[in-house]
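To start, the structure under review is shown below, and the notes come after it.
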Amino acid sequence: MITTVAPNSPAQQIGLRVGDLITRVGRAKVTNAKEANDAFGKADLSKGVVLQVTNREGSTIVTLRAKPQR
């Protein structure tokens, strides 16, 4: 479950909110924070990673990309 979303972050920009539940990172099904963190660690965020997110409104697919470094 997402516990914080930084203002103006890529996560906020794609609509992720506190309380959302990430159930898939790329092709990996995740059931807890450790699995999600491990999957994010293997992902290339500069190219983007597809997330399946569930909340009160249902389930959706979004793509998270890191902000380019300046």
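The values are calculated or read from the model by the stated rules, or taken from the named source; none is laboratory data. Since the structure is predicted, the reported quantities are computational estimates derived from the model, not experimental observations. Using ideal geometry, Cβ is built from the backbone for each residue, glycine included, and neighbour counts are taken over all protein chains shown. Surface accessibility is based on the protein's heavy atoms, side chains included, excluding ligands, DNA and RNA. Shrake-Rupley method; radii C 1.70, N 1.55, O 1.52, S 1.80 Å.
Look at (1) touching a residue at least 12 places away in the same chain (Cβ under 8 Å); (2) assigned to a helix (DSSP H, G or I); (3) of a type outside the set (Asp, Glu) and you find that residue 41 fails only one, number (1). Just one residue in the set 63, 23 is in contact with a strand residue (DSSP E or B) (Cβ under 8 Å, 6 or more places away or on another chain) and more than 18 Å from residue 1 (Cβ to Cβ); that residue is 63.
When you look at residue 61, is it among the β-branched types (Val, Ile, Thr) and open to solvent by 70 Å² or more (accessible area, probe 1.4 Å), yes or no? Yes, satisfied.
Just one of the numbered conditions (1) open to solvent by 100 Å² or more (accessible area, probe 1.4 Å); (2) in contact with a strand residue (DSSP E or B) (Cβ under 9 Å, 6 or more places away or on another chain) is not true of residue 4: (2). Select, from 67, 29, 47, 42, the only residue that is surrounded by fewer than 16 Cβ atoms within 10 Å (Cβ to Cβ) and at pLDDT 95 or above. Every option except 29 fails the conditions.
With respect to residue 24, determine if the residue is assigned to a strand (DSSP E or B) and among the basic types (Lys, Arg). Here the answer is yes, as residue 24 does meet what is asked. Here residue 36 meets each of (1) in a helix (DSSP H, G or I); (2) in contact with a strand residue (DSSP E or B) (Cβ under 6 Å, 6 or more places away or on another chain); (3) open to solvent by 40 Å² or more (accessible area, probe 1.4 Å) with one exception, condition (3).
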